[in-house]
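Derivation of every value follows stated rules applied to the coordinates shown; laboratory data play no part. Values in this document were obtained by computation on a predicted structure and should not be read as measured data. Virtual Cβ from ideal backbone geometry, glycine too; neighbours counted across all protein chains shown.
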Amino acid sequence: MSATTASVIDLHSRTLDLRLAQEDRAEDVGRLAADDRLTCHVRGRWIHQCVSSSVHVNPVTRHRWCRDCKTELSVAVDELTLTVRITCPRCGDGHSAATNSLVRACNASLSQAVRRAA
Ligand SMILES: [Zn+2]
Ligand SMILES: [Zn+2]
C-alpha cells in the first residue's frame, strides 16, 4: 500500500468518526431523527455500508421489511452511480415511508463517503 493510499484511508475514517460523533450528539438532544442519520452508531459505519446488516431490519417500523411478504428487503449499493436500491426479493416492491427515508439516507451517505474519499 502506498503512502498516498494510506492517507486517503486515514482521512476517510476520520471523516466517518467525526460525523458519527456529531450525529450521536445531535440525536441525543433531539435535533436529528434516527432516520436522517448518515452513519450507523451500532456498528460505526456509513449507513450505506451497514444497511444490509440484520440490525437494520425492523418489522415494526418497516425498515428493510416487506409487510405483504413478511420478508427482509434486499439492498443493492452501486458505488459508481451513487444509488442505493432497497427492494423486496419476493414481490419486487417493499415501498414504505421507512424504506424511502432509508434510501434517502443511504444515497446521502454514499455520496458523502465517495466525495470525501476522492
Ligand atoms: Zn448499522
Ligand atoms: Zn414483498
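Values for this structure:
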quantity	calculated
Whichever residue in region 57-80 is within 16 Å of ligand 1 (Cβ to nearest atom) and closer than 18 Å to residue 112 by Cβ and, among such residues, is surrounded by the fewest Cβ atoms within 10 Å (Cβ to Cβ)	77
Scan of region 13-42 for residues that are basic (Lys, Arg), assigned to a helix (DSSP H, G or I) and surrounded by 18 or more Cβ atoms within 10 Å (Cβ to Cβ), ordered by number	19
From 45, 64, residue being more than 14 Å from residue 109 (Cβ to Cβ) and not β-branched (Val, Ile, Thr)	64
Pair list, Cβ < 8 Å and 6+ apart or interchain, from region 32-48 residues that are closer than 17 Å to residue 62 by Cβ to residues that are in a loop (DSSP other than H, G, I, E, B) and among the charged types (D, E, K, R)	47/37
Region 97-118, residues that are out of contact with any strand residue (DSSP E or B) (no Cβ under 8 Å at 6 or more places or on another chain) and among the polar types (S, T, N, Q)	100, 101, 111
